[in-house]
Each structure stands twice: as C-alpha cells, then as structure tokens.
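Beneath this line is the structure, given in structure tokens, with notes to follow.
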Amino acid sequence: MQSIKLKRQVAVKAIVTETFKKQATAELQQALQQMDLNLQQLEFQGKRALADVEKKGAPALPDTQKQVDALKAQIENEKGRLMTAKNDLLQRLNVINQLEMGSEFLQGMLESYVEVKIGDNLYEKLSNTEVMLKDGVIVEIRGKE
C-alpha cells in the first residue's frame, strides 16, 4: 500500500463583515426567542403536571409528596439546563457584537479526508487546515492538501 486516506479536522472561519454580523446576530436572536418559548412551555407543562399529580393523589400521602418533589426537581433541572443554554447564546451574541471588521471568527469545525503517502509529513497533512469564508463564500483554503 502506497497511500491511505485519513480523516482530519478543518476549521471553518469567517471574515467579519457587516453582513456576517447581521446574519449571526439574527440567528442568535432567533435562537434566544426559541429558548424563551421553551422556558414558557416548560413552566406551563410543569404547573399542569404538578396539578395532575396533586389531584390524583391526596396531598397528605407520602407517595404523592415524593412524586411532587421529584417532578419539581426534574422541572428545575430542565429549567437550569435551558437557562444555561440561553446564557451561552447571550454570551455568543455579546462576542459577535464586539468583533472587529476584517477579523477572523471561528464558526466551527468540519471533517475532511486527506491522502497521505510514504514520505509525507503526517503532522502537516493533518493539522492547520482552514476554510475562510466571506459572507458565506469560500475565499481561501489554508493548509496542506
């Protein structure tokens, strides 16, 4: 065997433009609105579920109280998870707003395959590969083939 294809990570970076900032801000604001809807739905469903449990069992029974406590804990846990996700989105929105025009912003990572053969420098082939975008259009590919 003279060569083999290996999977590698490729960084996708965007050059910050006004269009990029507007699009990223709109996406994050939409995600925040969805998060708020999810929180409202959780509150509503949680109250309804608690009322159902309390209605089905007598409040003085220990099993009913255990069910209520477990359900409250589950609701609070989910609420905490949603609030953490919302805070992450708010932080990302803040970061986007502070980006300078022309700077590079890491949007994410993708995977690609690279062919390596005897004599290649494996470290060079597997690292430092980047796809540069400007308003969604690839303007440069950095790194080794």
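Can you say whether K134 is among the basic types (K, R), at pLDDT 90 or above, more than 24 Å from Q34 (Cα to Cα) and exposed (fewer than 13 other Cβ atoms within 10 Å of the Cβ), as far as the supplied structure shows?
When the stated conditions are applied, K134 does not pass them.
In this structure, is V68 touching a Ser or Thr at 6+ places or on another chain (Cβ under 9 Å) and surrounded by 13 or more Cβ atoms within 10 Å (Cβ to Cβ)?
Against the criterion (touching a Ser or Thr at 6+ places or on another chain (Cβ under 9 Å) and surrounded by 13 or more Cβ atoms within 10 Å (Cβ to Cβ)), V68 does not qualify.
Only residues in the stretch 83-108 that are more than 19 Å from V131 (Cα to Cα) and free of Cβ contacts under 8 Å to residues at least 60 places away in the same chain count as the first member; pair them with residues that are part of a helix (DSSP H, G or I) and not small (G, A, S), Cβ under 8 angstrom, at least 6 apart or cross-chain, and list the lot.
Correct list of pairs: M83/L39; A85/M35; K86/L32; K86/M35; K86/D36; K86/L39; L90/L32.
Within the stretch 133-142, is there a residue that is in contact with a Leu (Cβ under 7 Å, 6 or more places away or on another chain) and either part of a helix (DSSP H, G or I) or closer than 30 Å to M1 by Cβ (or both)?
No: zero hits.
Out of (1) closer than 30 Å to T129 by Cα; (2) modelled with pLDDT under 90; (3) part of a helix (DSSP H, G or I), what's the single condition that is false for M1?
(3)
Give the residues of the stretch 96-126 that are small (G, A, S), closer than 29 Å to M1 by Cα and loosely packed, with under 12 Cβ neighbours inside 10 Å, sorted by residue number.
Listed by number, the list holds a single entry, G119.
Name the residue, out of G80, G119, that is more than 14 Å from the chain's Cα centre (by Cα), outside the structural domain of Q34 (by TED's automatic domain parsing), at pLDDT below 95 and small (G, A, S).
G119
Yes/no per residue for (1) over 23 Å from V16 (Cβ atoms); (2) part of a helix (DSSP H, G or I); (3) touching a strand residue (DSSP E or B) at 6+ places or on another chain (Cβ under 6 Å):
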position: T84; (1), (2), (3): yes, yes, no
position: D88; (1), (2), (3): no, yes, no
position: Q91; (1), (2), (3): no, yes, no
position: V95; (1), (2), (3): no, yes, no
position: F105; (1), (2), (3): no, no, yes
position: M109; (1), (2), (3): no, no, yes
position: D120; (1), (2), (3): yes, no, no
position: K125; (1), (2), (3): yes, yes, yes
position: V131; (1), (2), (3): no, no, yes
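The values are calculated or read from the model by the stated rules, or taken from the named source; none is laboratory data. This is a predicted model, so every value here is computed, not measured. With ideal geometry, Cβ positions are generated from the backbone for all residues, glycine too; neighbour counts draw on all protein chains shown.
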